[in-house]
Amino acid sequence: MLIKRKSIEQVESSRPARKPRYAPVTLSEMDGVRYLHFGTEWVQGAMRIRKPDWPELEYAQQMMAWMLWIEQPQRLAQLGLGTGALTKFCYRQFPQAQVEAIELNPSVITICASMFKLPPNDERLHVREMDALDYVNDDANHGTLDALQVDLYDATARGPVLDSADFYSACCACLAPHGIMTVNLFGDHPSYAKNIKAMKFAFAQVICLPEVHDGNVVAIAFKTKVALDAEAQAALLERAKQIVAETKLPAKTWVKGIVSTL
């Protein structure tokens, strides 16, 4: 039996690895907005056709809340490409920064280029077809990122596909000492508490913005704890006014939301 089992294992190991099967990438449009789906009604991203570089969805705008503390990022990364909303916005808004997006599904990368106006890779933009877990576990990325934006959902949208304490610890390792991670979560889903617990294990400080109308909750995780006293809040509000003037992102509501959680 041992010889037979060994021979079977050898045959199995000699077979070429199967390519992963992904849910179909589908599109819809309504009122001038194009939506990305993975074969279900769940929205995986959106783009206003007349404003392709603008993060259309409210939670996507909140994913930029790290800007309250970091004004001139040098290296940014997104885990999960979606429609490229965050990648495109960061690429246009921060011309001094290196911007990376990590996406496992090659069809998502293709559809972003053809239907969501994702620019081609260049000396600053790097969209990589790879597993997000491999990216954060790569020692070459550790200590290099100013901001990391995590939005990892599959077709069922039942919660992030990577949500362990080990994963978030690796995310934290990728950040510079002042670095910040933002994560898209579902506030009314059982996965929410699990993700928050794992983030609090890995990061010095975690703040959650109030839930938006679609049920999304954006968590802000800090590698190094930040002050949130009255003086710090006043500074955040001044910074928020600057962000609004420069980008039109609703940064003052982010500050209001942060203060409401204290």
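Structural remarks
- Screening the candidates Asp134, Asp151 for the property of being at negative phi, of a type in the set (Asp, Glu) and either surrounded by 19 or more Cβ atoms within 10 Å (Cβ to Cβ) or more than 16 Å from the chain's Cα centre (by Cα) (or both) yields one hit, Asp151.
- Filter result for Ile180 (outside any helix (DSSP H, G or I), out of contact with any Pro (no Cβ under 6 Å at 6 or more places or on another chain), under 17 Å from Leu76 (Cβ atoms) and modelled with pLDDT of 95 or more): yes
- Exclusive hit being in contact with a Lys or Arg (Cβ under 6 Å, 6 or more places away or on another chain) and either part of a strand (DSSP E or B) or surrounded by 21 or more Cβ atoms within 10 Å (Cβ to Cβ) (or both), set Met47, Met67: Met47
- Listed by first and then second residue, the pairs linking a residue in the range 236-262 that is more than 25 Å from Lys51 (Cα to Cα) to a residue that is basic (Lys, Arg), with Cβ atoms under 9 Å apart and 6 or more places separating them unless they lie on different chains, are Leu237/Lys252; Leu237/Lys256; Val255/Arg239.
The values are calculated or read from the model by the stated rules, or taken from the named source; none is laboratory data. Note that the structure is predicted; figures quoted are calculated from it, not measured. Neighbour counts run over all protein chains shown; Cβ positions are idealised from the backbone, glycine included.
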